[in-house]
Amino acid sequence: MQYFLRRVLINIPVLLAVTVIIFLLINLAPGDPVDFYVNEEIGITRADLAFVEERFGLNDPLPVRYVKWLGQLVRGDMGFRFKNGDDVAEVLKIRLQRTLILMGTALSIGIVVGVTSGMFIGMRQYSFWDFSLTGLSFVGVSMPAFVAGIFGLYIFSVKLGWFPSGGMWTIGQDKSILDLLYHLVLPAGTLAIFNIATFMRYTRFSVLEVRQEDFVRTARAKGLYERIITWRHLFRNAILPVVTIIGLSLRSLVAGALFTETIYSWPGMGALLVDAVAARDYPMVMGIMLVTAIVVLVANLLTDLAYAVVDPRIRYG
Amino acid sequence: MGSQDVAAIQAAPNKTRLRSESPAQQAWRRFRRHPLAMIGLILFCVILFLTVAAPLIERYPYQSLNLKDKFQSPSAEHFLGTDRVGRDIWSRTLHGGRVSIAVGLSAAIISTLIGTVLGALSGYYRGSVDMIIMRFTDVIMTFPRVVIILTVATFVGQNIINVILLIGIFSWPEVARLVRGQVLSVREQQYVLAARALGTLDRRIILSHIMPGVVAPLLASVTFAVNGAILLEAGLSFLGVGVPLPTPSWGNMLETARSLDVLQDGPWMWVPPALMILLTVLSINFIGDGLRDAIDPKHIQ
C-alpha cells in the first residue's frame, strides 16, 4: 500500500514536467499562431490580430502564461479551439472515449491471443506450430499500422466490400452496438495485428529464456509435475518481460491508433491531432498531448504495480 | 596495466595454440546455421544493393516528369507504372529506399547510444542516479513518439536532417528502459557480487561483467531501433510531415494511397513502397532474431 502511494505520488512531478514540456514546445515554436490567420484578401490584417493577441493574453511573458494556463487546467478549463471556438475539454472527452474503444478492443485481442499463442509455441520450440506462428508473428511485427491499414482498406473495403471504409456509425441509422462493432472490425483488426505479433514474440522469447534456467531443471529434477513447473516456475517468470512490453506497447498503440484513425476516418484523438497540427490549432494540440501523456502515465503506473505483484524480487527503494 | 593487457594475455593462447573460437566466431557460426537469419541477411543485402545501386539500375531518372505518360499501369517501358505526374515508380521506389534506410540507420545509432549509456548508469547505480534518469525517461516516454515528433516536425520545418534528429532524440527511452531492466537483474547475479567483493572497479564491472549479459537483448533492441526509425520515417512521411517531396521516400510514396482514386485505381503506385517497407523491416527482424539466438551467452559454455 505504501509502495502504491509512492508510485502515485512520484507521478505528480512527472505530470508537471509534462505540462512544462508541452507548454514550452508549443510556445517556443517559431511562428505566431495568429500569423496563420493573416489573410489580406479577406481583410484580416496584423492590426486586427494585435487586438486578438491582447484579448487572449498572448503578449504576456512566458512564465505568466504558463501559470495562467496551469491554473485553468486545474479547473478543467483547456481553452477553446482556434479553428472553430469549440471547448477543447468537451471535444477531448468525446474523442478520447472513441480512441479508447478502438485501443481497448485492439489491446484485449492482442493480450489474449498474443500471450496464449506465445506461451503455446514457447513450450514447443522448433515444432510445426512454432515455425508457422513465429513466421506469421514476424510479418505482423514488420507490418506498420499504415501499411496494414491501407491493405485492409483496399482488400476488405474497396475490393471485397465486406466492411465500411470509415466512420463509427452508418449515417442515417440508429446508433447500435452491432453497427459500432461492424465499423470497428477493420480499424481494431488493423491495430491488433501488431499487438498480437509483439506479445506472441516476446512471450515466446521469454518462455525459451526461462526454460533454460537452472531452477526449472531443479524443479524437474526433484520430480514436480510438469504442469506445476509450467505454471508456477515457468509462466510466472516468463510473464515478467511481457508485462513490461504490454505497458510499453501502449505508446505504440496510441501511435498506431493515430494512423488507423486517419486511414479509416475513425473520429478519435489521433485523427484530430493530425488535423489540429496541420491547422496550428494550438489549444487543441496541447490538449491532445496532455491527455495522451496522462493515458500513458496511468498505463505506466499500472504496469509498475503489475510488475511488483508478479515479481516479489523487485523491491524498490 | 589496463584491462586490455589482461584481455590480450588471455586471448593470445587462444589464437596461437588452442585454435578455439572466440565468442563472436561461435556466434557467427550459429548465425549462419539459422535459416531465417540468413534469409533476412540475404534479403536485406539485396534491398541494400538495389537501393545503393539505384542510379545504375533505374531506367528513367527518378525526378523526371513526363505528363504524357502519367498514371500509367505497369508496362514494358515502365514496369511498375508511373505516378500522377509521369514519374517512373520503379526508379522512385529504389531512390525512396536510399532515403528510408539512411534515415533509419542514422536515427537508430543516435537513439541506441543515448539509451544504452543512460540505461546502464541507471540500472547499475540505482538510488538517486536511477531516480533522475528514470523520471526524465518517464517524462519523455509519456509522449508517444509519433505524437511529439508530428507536433515538433511541423514547427522546426521539414527536411531529412530534422527527421533523423527528431527520431533519434525521441527514441532512446525504450533502449534505456530495456538496458536498465537487464542491468538490474544481471547485477544481482552471484558473479557480479563476487566481482564487487574482489574490489573490481564499477566501470569494469559494468563493461566486463554486466554488459555481456545485456548484449543479447540489446542487439535485438538495436534491430528494433532501426526498424522503429524506418517505420517512424515512413509513418511521418505518410502523414505528410516527414521527408518532403519531391525527394521520394517509401512513406511519402505510400501517402499517395490516401486519396481514394489512387488507392482504388492505381495500386501499382502504392503497393511497391508498402511491400518494400514490409520486406525491409521483416529482413531486419529476421537478422535480429538470428543474432539473439546466436549471441545468447547461456549457450556459450
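The convex hull drawn around the Cα atoms of chain B, when projected onto a plane and averaged over every direction, covers 19.8 nm². Ellipticity at 222 nm from helices only: DSSP H runs of n ≥ 4 in the protein assembly as shown, each -39500 (n - 2.57), divided by the residue count, give -23000 deg cm²/dmol.
When A:VAL88, B:VAL222 are sorted by how many other C-beta atoms sit within 10 angstrom of their C-beta, beginning with the fewest, the order is B:VAL222, A:VAL88.
Only helices reaching 18 angstrom along their own axis (Cα) with mean Kyte-Doolittle hydropathy no lower than 0.0 count here, and for the DSSP H runs of chain B these are B:35-52, B:89-125, B:127-141, B:172-186, B:211-238, B:267-295. Modelled spin-label separation between A:LYS93 and B:TYR191, with each label point placed 7 Å from Cα along the Cα-to-Cβ direction: 5.9 nm.
Residue exposure proxy: A:ARG201, A:ARG280, ordered by other Cβ atoms within 10 angstrom of their Cβ from fewest to most, comes out as A:ARG280, A:ARG201.
With neighbours defined as other Cβ atoms within 10 Å of a residue's Cβ, the residues A:THR244, B:THR137 order from fewest to most as A:THR244, B:THR137.
In the elastic network of chain A, a GNM with C-alpha springs shorter than 10 Å, the most mobile of A:LEU253, A:LEU153, A:LEU70 is A:LEU70. Across all directions, the shadow cast by the convex hull of the protein assembly as shown built on its C-alpha atoms averages 35.2 square nanometres. Report the net charge of residues surrounding B:LEU36, where surrounding means a beta-carbon distance below 14 angstrom and charges are Lys +1, Arg +1, Asp -1, Glu -1. Charge balance in the 14 Å sphere: +3. Neighbouring Cβ atoms from other chains, within 10 Å of the Cβ of residues in A:155-162, number 1 on average.
One compactness figure for segment B:124-240 is 1.31, namely its Cα radius of gyration divided by 2.2 N^0.38 Å.
Read the figures in this text as sums done on the coordinates, not as results from a lab. Everything quoted here is computed from the prediction, not taken from an experiment. So basically every Cβ, Gly included, is an ideal-geometry build from the backbone, and we count neighbours across all protein chains shown.
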